[in-house]
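A short worksheet on the structure shown next.
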Amino acid sequence: MTMDAQPAPVRVLVFGAALRAGSTNAQLASLASNLIVETGAEVDLARMRDFDMPLYDGDVEDSEGLPAGALALCERIKRCDAFVIASPEYNASVPGLLKNAIDWVSRVRPQPFKTKHALLVSSSPSMIGGNRGLWALRVPLEHLGTRVYPDMFSLPRAYEAFTDDGDLAHPGSQERLADTICGFMRLVRADVEFVCLQRRWYEFPGDRTDALVTHRSED
């Protein structure tokens with residue numbers, strides 16, 4: 001009897017986009033990782049310190065190539081089906097550290113952001129939870145062809161939002177985060193396991209609207 005092969009587990013890269021060791025976004029990334037594992041997926045949990053790189057400089061790129069940190073982040077993205085970024089909000093926008101990493105990694109050919117699914121979450125001491133920074137972060141990622149999940153999660157008053165066990169102190173916030181992650185993972189799993197489905201997301205100029213339904217343009 002021939003048994004149908006089981007699909008490989010969906011793999012998700014999760015990282016907090018702050019350097020500070022005690023960052024609440026690192027805590028949020030850890031919590032998101034646990035919730036993703038509960039859906040049956042595999043998680044690659046990383047820190048921004050794993051991807052050290054200088055400020056982007058075209059002259060440095062021409063003379064020395066891409067820095068090791070950018071190449072490491074690129075490889076971690078390539079090995080995953082999707083990624084989750086827990087990002088702080090700096091001055092109502094995306095942190096320079098994270099934008100710089102995106103700029104460096106986008107120089108790889110083929111660049112790895114295209115066709116990947118992404119979920120954006122944030123925590124902040126403010127009452128809006130870093131939401132403005134997430135809207136700014138969508139712009140470069142979507143420009144690069146990332147399928148950024150429509151729902152985003154922002155955690156306000158983050159300094160008092162976590163329990164000693166790493167969960168969210170407010171049951172409603174915990175439930176909303178879990179629901180957001182479950183919805184995101186259902187979309188990722190459908191895209192990974194049912195490649196016969198026709199893809200109609202053509203907002204990126206590099207997409208070929210006349211391509212076979214399983215074709216993915218990577219350039």
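The values are calculated or read from the model by the stated rules, or taken from the named source; none is laboratory data. A quick note: this is a predicted structure, and the numbers were derived from the prediction, not measured. Neighbour counts run over all protein chains shown; Cβ positions are idealised from the backbone, glycine included. Areas reflect the complete protein model, heavy atoms only, side chains present, ligands, DNA and RNA absent. Shrake-Rupley method; radii C 1.70, N 1.55, O 1.52, S 1.80 Å.
Summary table below
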quantity	calculated
Carbon plus sulfur fraction of accessible area for region 156-195, probe 1.4 Å, in percent	52
Surface accessible to a 1.4 Å probe, per residue, for the residues of the chain, Å²	53
Amide hydrogen neighbours beyond the local backbone of Phe162, cut-off 5 Å, H modeled	Ala169
Under the Karplus curve 6.51 cos²θ - 1.76 cosθ + 1.60, θ = phi - 60°, whole-Hz ³J(HN,Hα) for region 73-84, x wherever Gly or Pro sits	5, 4, 5, 5, 5, 4, 6, 10, 8, 7, 9, 10
Size of electric dipole in the chain: Cβ of Lys, Arg +1 and of Asp, Glu -1, about Cα centre, debye, nearest 20	300
Cα-based equivalent ellipsoid of the chain: semi-axis lengths in Å, sorted from largest, via gyration tensor	27, 24, 16
Whole-Hz couplings from phi, Karplus 6.51/-1.76/1.60, listed for region 31-39; x for Gly and Pro	5, 4, 4, 4, 5, 5, 4, 5, 7
Residues with amide H under 5 Å from that of Ala118, placed H, sequence gap 5 or more	Phe83, Arg147, Val148, Tyr149
Other-chain or far-sequence residues with amide H under 5 Å of Val14's (modelled H)	Asp44, Leu45, Ala46, Val84
Among Asn131, Asn25, Asn34, residue whose mean-square fluctuation peaks in a GNM of the chain (springs only between Cα atoms under 10 Å)	Asn34
